Amino acid sequence: MTEHNGKDFEPEITVFTCIYCAYMAVDTAGALKIEYPPNIKLIKLPCTGKTDARYLLEAFEQGADGVCVVGCPIGNCHHVDGNKRGRARVAHTKQLLDDVGLGADRLEMYFVSGGMGETFANAVREMNERVRALGPSPLKGR
Ligand code: FES
């Protein structure tokens, strides 16, 4: 197990958002000057229904310590049930992360509507703190 000091570890978080509600929430947070950890890498997807275990695992391979997927609220996906498909793929990928020893907690899905800038910021803060407590990804430095 890797020794780490949570205080001096800044996790790298990759955030996949759909281009509708979730990315609007990012814009809302920006417009309202709501602060959230700056150490995130945003990747836009047409819909979280495009989420694929491969993309999520690649994010870890490319150095992410944690990954989250942010989509429209259930019932409000612009592609009808895309966010439900995304949710199922995130659940499946969490299982894979447990199987390979990275741990399911390094991946999470959130649902926000476009005006929910604070909720988006809270999701990123929560993920940041959770991953900080977990420590760097075991894939780091390989
Ligand atoms: Fe936002 Fe489908 S368009 S999750």
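Report, by residue number, each residue of the range 82-115 that is β-branched (Val, Ile, Thr) and open to solvent by 40 Å² or more (accessible area, probe 1.4 Å).
First, the residues of the range 82-115 that are β-branched (Val, Ile, Thr): 90, 93, 100, 112.
Of everything in the range 82-115, just one residue is β-branched (Val, Ile, Thr) and open to solvent by 40 Å² or more (accessible area, probe 1.4 Å), namely Val100.
The listed residues are Glu58, Glu108, and the only one of them that is in contact (Cβ under 8 Å) with a residue 12 or more places away in the chain, among the acidic types (Asp, Glu) and more than 9 Å from the ligand (Cβ to nearest atom) turns out to be Glu108.
Does Val69 satisfy the condition of being without any contact (Cβ under 8 Å) to a residue 60 or more places away in the chain, surrounded by 15 or more Cβ atoms within 10 Å (Cβ to Cβ) and not in a strand (DSSP E or B)?
no
Residues of the range 90-127 that are within 19 Å of Leu32 (Cβ to Cβ) and in a helix (DSSP H, G or I): Gly117, Glu118, Thr119, Phe120, Ala121, Asn122, Ala123, Val124, Arg125, Glu126.
Tallying residues that are open to solvent by 20 Å² or more (accessible area, probe 1.4 Å) and either out of contact with any Ser or Thr (no Cβ under 9 Å at 6 or more places or on another chain) or among the charged types (D, E, K, R) (or both) within the range 39-54 yields 7. Filtering Ala22, Ala29 for residues that are modelled with pLDDT of 95 or more, away from the ligand (no atom under 14 Å from the Cβ), in a helix (DSSP H, G or I) and open to solvent by less than 10 Å² (accessible area, probe 1.4 Å) leaves a single hit, Ala29. Among the conditions (1) buried (at least 21 other Cβ atoms within 10 Å of the Cβ); (2) within 9 Å of the ligand (Cβ to nearest atom), His78 misses just one, which is (1).
The values are calculated or read from the model by the stated rules, or taken from the named source; none is laboratory data. Only a predicted model underlies this, so the values are computations on that prediction, with no experimental measurement involved. Positions of Cβ are backbone-derived with ideal geometry, glycine not excepted, and every protein chain shown enters the neighbour counts. For accessibility, only protein heavy atoms count, side chains too; no ligands or nucleic acids. Shrake-Rupley method; radii C 1.70, N 1.55, O 1.52, S 1.80 Å.
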